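See below for the structure under consideration.
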Amino acid sequence: MSLVHEIDYGTPLSKSEKMVTLTIDGQEITVPEGTSIMRAAMEMGTQIPKLCATDMMDAWGSCRMCLVEIEGRNGTPASCTTPVAPGIKVKTQTSRLAEIRKGVMELYISDHPLDCLTCAANGDCELQDMAGAVGLREVRYGYEGDNHLGLDKDTSNPYFTFDTSKCIVCSRCVRACEEVQGTFALTISGRGFESRVSPGMDEAFFDSECVSCGACVQACPTATLTENKVIEIGQPEHSVVTTCAYCGVGCAFKAEMRGEEVVRMVPYKDGKANRGHSCVKGRFAWGYATHKERILKPMIRSKITDPWKEVSWEEAIAYTASEFKRIQAKHGKASIGGITSSRCTNEETYLVQKLIRGGFGNNNVDTCARVCHSPTGYGLGQTFGTSAGTQDFDSVEDSDVIVVIGANPTDGHPVFGSRMKKRLREGARLIVIDPRKTDIVRTPHVEADYHLPLLPGTNVAIVTALAHVIVTEGLVAEDYVRERCDWDEFQNWAAFVADPRHSPEAVEKYTGVPAELVRGAARLYATGGNGAIYYGLGVTEHSQGSTTVMAIANLAMATGNIGRRGVGVNPLRGQNNVQGSCDMGSFPHELPGYRHIAGDEVRHMFEEFWGVHLEKEPGLRIPNMLDAAVEGSFLGLYVQGEDIVQSDPDTKHVTAGLAAMECVVVQDLFLNETANYAHVFLPGSSFLEKDGTFTNAERRIQRVRKVMAPKAGYADWEITLLIAEAMDFPMPYEHPSQIMDEIARLTPSFAGVSYEKLEQDGSVQWPCNDKAPEGTPIMHIDHFVRGKGRFMVTEYIPTDERTGARFPLLLTTGRILSQYNVGAQTRRTENSMWHEEDVLEIHPHDAEQRGIREHDWVRLESRSGSTSLRATITDRVAPGVVYTTFHHPSTQANVITTDFSDWATNCPEYKVTAVQVMPSNGPSQWQEEYEAMAKNSRRIAAE
Ligand code: SF4
Ligand code: SF4
Ligand code: SF4
Ligand code: FES
């Protein structure tokens, strides 16, 4: 194994279709028009010395290292900023060029510490490489004059160090922050000799606008910006390409290693989802994988009030199987079930549902997608015929109007958020529909044309009002609709939305959005060119989540915005493999590939292949499992990689259900909150410890590769095999590739997927089969998967959760950049420096009415429960709306959320809870007790 080195072509790829032929050093080459001479030379294998150029950004032309001679032209132009031209003859190596380059390099080195042997970047420094490349052997100027060698280091960022004394002011970091990340946190201050890179107005990195994405560190050609782990451990010696285990963007990374120790995670330029970019989580927050709180020994206990007892794997598995068998013998086959994990691989998820259907003999399997994107599955399935986003991420480059509904891409899906911002800086228009003024509404050089700050719970009314404007103002793409959609259903829908009760003026009184904003946004989306809709949990986690998804699909069909690049309907998926866990048959009514369990043909095929009888009736969803537990008919649960106590709504109901069960088996990295109710704890494995695949939000299947042995002895898929064997349902796989082969054999949309294909192509987007052997970046191109697109009537039915005198405010919840979901991983990293606790955002007007000041403790109360947290006063939320995250177990925001859920899928209504907020003295008693209990569990485990 060795380090994976990606070629840096110096300047970005030109997308021109027109080709140009030129001669470089006597060799003819043909490249797309707009290519730089530097890149053209690199493509034929000639590396021109460079310092300020890199192919992740536009050329800058400041270092003067890359000069060339062009026959018939005066001077020595910079090859990075000079485009190719037909017939030109370029020389990259002459004695004159060598002399100039050596002189430039000598000047750089004369103001640079000569500590190469002890420098952290030794062996990985472009300045060092270029000094060698130009043949610099001595420096004539001493250090006597003014220089920058004594400048201070900025160590404020927990993940990287900024050593200004090594800076050559090439500006790559500044441009990376602007062009790649879109944060504009860095500037070059001062002029000439005084030029310096500085975060903000000479602030420390940690205090600046910097979001720690790492793009500047990656771009820096010297040791000025260096990962702390490289400084601490040294240079890596081999790398393994794998996929981030945090969000649904699915960034590809090179895990750069020393032996079994991760030195750094470097975003992989060939990763088709991230194109070489990253966010703070994937880039830096992987330390949880080796955190000391990881549980590495299986444990059992007969009562949840007993202390844990460490046991061997054999004993833990035997105990699990005997308990499950005992429960089934006494209470029937349907008395147990399981929950798959959207953080685990496709192969692991497939195995868990197979174990439950085949080994447990029932369909009581569900997944955390139940609580996030199940309405996407339903809504897009009904309208388009398939339960997934329509586009690849690259498609946004061709969008003219971007609509973001109930999503916060710069925090929740940061790498895609950066690409979206780039397209917006290039001129695409933006409509944001969100109760909060999220970052994307106004960031450097990006400002939404329309922000519709609707009241939580009124999505259907707003999207239907947009449709009203489109239909009544004659903005429907009639030719498209006639050709691609069911015309009768369209007419029925058009009559429905045209009703005056759906007009922006009529809905204004309960959505809170001025009618002219809705009209303007509708006109822009319908007439502004390619319109692409991106949405998130702010759409799905409502009692009408499925209705809003269908309303969005209606809008896209009515305007002809489906079936080509630049358009589409795109759910931004929360967890890394939430798409995959749904694809793999994690819902109680569906076999892999979204095929209903009641369908005889498909079920018989699985029965035959698995050699077992399968029940025809759908099993229980998570909330129904918990209800049945409280009623006494559901007593055993296998939970792989989920923390339902913290992530599911109405915590009291969840804990009551779990406490009523006789055998709860939790398989996880840490003793999570659900483990407080478990009888068996099986130590799970991190994404670094296993092989498999994840599927991201663009349906892209990517490899996860093992970089270290499982710390507790087994990868998660192997643990499921052990349970299956003990439950007398052996599944003899030796490698996850065999599991994928089985998935491909049984699932038409995966028929062409194999590890060989992924090895060869890097990734592939399903459907991938005989009809689409290279996968499907854009769906519904010639026709919808279901044939004709289907318009659905979307009546707005207000949620039963209403504000009133007792609970006058609406709580909505979300995610923050540095943290991830319930925080099990990120809380165990330095990311906590940015977000030590959950805080409540409250509008100045509401805060003043209640006598609440910045950072005060407040009590947040709903009809379900109450919790306490600190307040921050901000106009990011509208009056009447409060907002918090649920990353910290001591806050337990889900104590507050109610048991209302989506009518079609049971997805909980996290985004709308009527609450009251009042000053408080500190954490509630139960929070203190809870924290003490959690600490105690961790202490017992540590002992
Ligand atoms: S880490 Fe990212 S956000 Fe921070 S300065 Fe560097 S490029 Fe900008
Ligand atoms: S910090 Fe690095 S990338 Fe930025 S200007 Fe200095 S040398 Fe160039
Ligand atoms: S954007 Fe998502 S997938 Fe990419 S590095 Fe960040 S958390 Fe990981
Ligand atoms: S690499 Fe071309 S001027 Fe710096």
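The values are calculated or read from the model by the stated rules, or taken from the named source; none is laboratory data. This one's a predicted model, so the numbers in the text were calculated from it and none came from an experiment. Don't worry about glycine lacking a Cβ; one is built from the backbone with ideal geometry, like all the others, and counts go over all protein chains shown. These area figures cover heavy atoms from the full protein model, side chains too; ligands, DNA and RNA do not enter into them. Shrake-Rupley method; radii C 1.70, N 1.55, O 1.52, S 1.80 Å.
Would you kindly compute the Cα radius of gyration of the range 59-218 and its largest Cα-Cα separation (Dmax), both in Å?
Rg, Dmax (Cα atoms, Å): 17.7, 53.
Given the range 773-914, report the % of alpha carbon pairs whose separation exceeds 19 Å.
Numbers: 6153 of 10011 pairs.
Tail of the P(r) past 19 Å holds 61 percent of the pairs.
Short version: ³J(HN,Hα) in whole Hz for each residue of the range 286-293, in order, from phi by Karplus 6.51 cos²θ - 1.76 cosθ + 1.60 (θ = phi - 60°), x for Gly and Pro, what are they?
For the range 286-293, the Karplus curve yields 9, x, 4, 5, 10, 5, 5, 7 Hz.
Can you check what the Kirkwood hydrodynamic radius comes to for the range 812-890, Cα pairs only, in Å to one decimal? Numbers along the way, then the final one.
Working: mean 1/r = 0.0759 Å⁻¹.
That comes to 13.2 Å for the range 812-890.
For the range 609-734, what value does the Rg/Rh ratio take when both radii are computed over Cα atoms and Rh is the Kirkwood radius, given to two decimals? Spell out each step's value before the answer.
Details: Rg = 16.4 Å, Rh = 16.5 Å.
On the Cα set of the range 609-734, Rg over Rh gives 0.99.
Can you compute the label reach from Met44? Point 7 Å from Cα along the Cβ direction, backbone N cut-off under 14 Å, restricted to the range 64-95.
It comes to 69-71, 84-93, nothing else.
When the convex hull of the C-alpha atoms of the range 463-521 is computed, what volume per residue in Å³ does it have?
Numbers: hull volume 4.4 nm³, N = 59.
Spread over its residues, the Cα hull of the range 463-521 gives 74 Å³ apiece.
Counting only protein heavy atoms and a 1.4 Å probe, tell me what percentage of the chain's accessible area is made up of carbon and sulfur. Spell out each step's value before the answer.
Values: 17130 of 34230 Å².
For the chain, the apolar C and S fraction of the accessible surface comes to 50 percent.
In the chain, what percentage of the DSSP-assigned beta bridges are antiparallel, given to the nearest 5?
Values: 64 of 109 bridges.
That works out to approximately 60 percent antiparallel.
Using only the alpha carbon atoms of the range 460-605, find the Kirkwood hydrodynamic radius as the inverse mean reciprocal pair distance, in angstroms to one decimal.
Kirkwood hydrodynamic radius for the range 460-605: 17.0 Å.
Evaluate the range 14-147: find the radius of gyration of its Cα atoms, find its Kirkwood radius, and give the ratio Rg to Rh. Mind showing how you got there, number by number?
Working: Rg = 16.3 Å, Rh = 16.0 Å.
On the Cα set of the range 14-147, Rg over Rh gives 1.02.
Run a plain Debye calculation on the range 362-444 (Cα atoms as equal point scatterers, no solvent) and give log10 I(q)/I(0) at q = 0.12, 0.14, 0.24 Å⁻¹, rounded to two decimals, same order as the q list.
Relative scattering, expressed as log10 I(q)/I(0), comes to -0.45, -0.60, -1.26.
Direction-averaged shadow area of the convex hull around the Cα atoms of the range 170-254, nm²? Kindly include the intermediate steps, with their values, before the conclusion.
Values: hull surface 28.1 nm².
The orientation-averaged projected area of the Cα hull of the range 170-254 comes to 7.0 nm².
Give me the 1.4 Å probe accessible area per residue for the chain, excluding ligands and nucleic acids, in Å².
Values: 34230 Å² over 943 residues.
Value for the chain: 36 Å² per residue.
Which value does Rg/Rh take for the range 745-823 over its C-alpha atoms, Rh per Kirkwood?
On the way: Rg = 21.9 Å, Rh = 17.9 Å.
On the Cα set of the range 745-823, Rg over Rh gives 1.23.
What is the count of Lys pairs in the range 307-438 whose alpha carbons sit under 28 Å apart, if the two are 8 or more places apart or on different chains?
Details: Lys309/Lys325; Lys309/Lys330; Lys325/Lys333; Lys325/Lys354; Lys330/Lys354; Lys333/Lys354; Lys421/Lys437; Lys422/Lys437.
So the count of such lysine pairs works out to 8.
Among the lysines, select those whose C-alpha is under 20 Å from the C-alpha of Lys18, and discard any that sit fewer than 8 residues away in the same chain.
Output for Lys18: Lys89.
Return the tail of the calculated pair distribution for the range 386-495, meaning the percent of Cα-Cα pairs more than 25 Å apart.
Percentage above 25 Å: 33.
Taking loop as defined by DSSP and a crowding limit of 12 other beta carbons within 10 Å, which GluC sites (Glu not before Pro) in the range 671-779 fit? Could you put the intermediate results ahead of the total?
On the way: sites: Glu673, Glu689, Glu698, Glu718, Glu725, Glu734, Glu742, Glu756, Glu759, Glu774; in loops: Glu673, Glu698, Glu734, Glu774.
Passing sites in the range 671-779 are Glu734, Glu774.
If only Cα atoms are counted, what is the Rg of the range 319-411, and what is its Dmax, in Å?
19.0, 62
Alpha carbons only, please: Rg and Dmax for the range 1-53, in angstrom.
Gyration radius and largest Cα-Cα distance of the range 1-53: 12.3, 40 Å.
Over the range 324-471, how many percent of alpha carbon pairs lie in each 5 Å bin up to the one with the longest distance?
With 5 Å bins starting at 0, P(r) equals 2, 8, 12, 14, 16, 14, 9, 8, 7, 5, 3, 2, 1, 0.
Divide, for the range 97-137, the radius of gyration over alpha carbons by 2.2 N^0.38 Å, where N is the residue count. Walk me through the numbers on the way to the answer.
On the way: Rg = 10.3 Å, N = 41, 2.2 N^0.38 = 9.0 Å.
Compactness ratio reported: 1.14.
Could you quote the convex hull projected area for the chain, Cα atoms only and averaged over all directions, in nm²? List each step's numbers first, then the result.
Numbers: hull surface 158.6 nm².
Over every viewing direction, the Cα hull of the chain projects on average to 39.7 nm².
Provide the net charge surrounding Ala712, with neighbours chosen by a C-beta distance below 9 Å and charges set as Lys +1, Arg +1, Asp -1, Glu -1. All intermediate terms of the calculation are to be shown ahead of the outcome.
Numbers: positive: Arg294, Lys297, Lys711; negative: Glu689.
Around Ala712, the surrounding residues sum to +2.
Hey, what did the range 709-833 get for relative contact order, percent, Cα under 8 Å, at least 6 apart?
Working: 73 pairs, mean separation 11.7, N = 125.
Answer for the range 709-833 is 9 percent.
Across the chain, where is the longest run that never hits chymotrypsin sites (Phe, Trp or Tyr not before Pro) in a DSSP loop with at most 13 other C-beta atoms within 10 Å?
It works out to 144-943.
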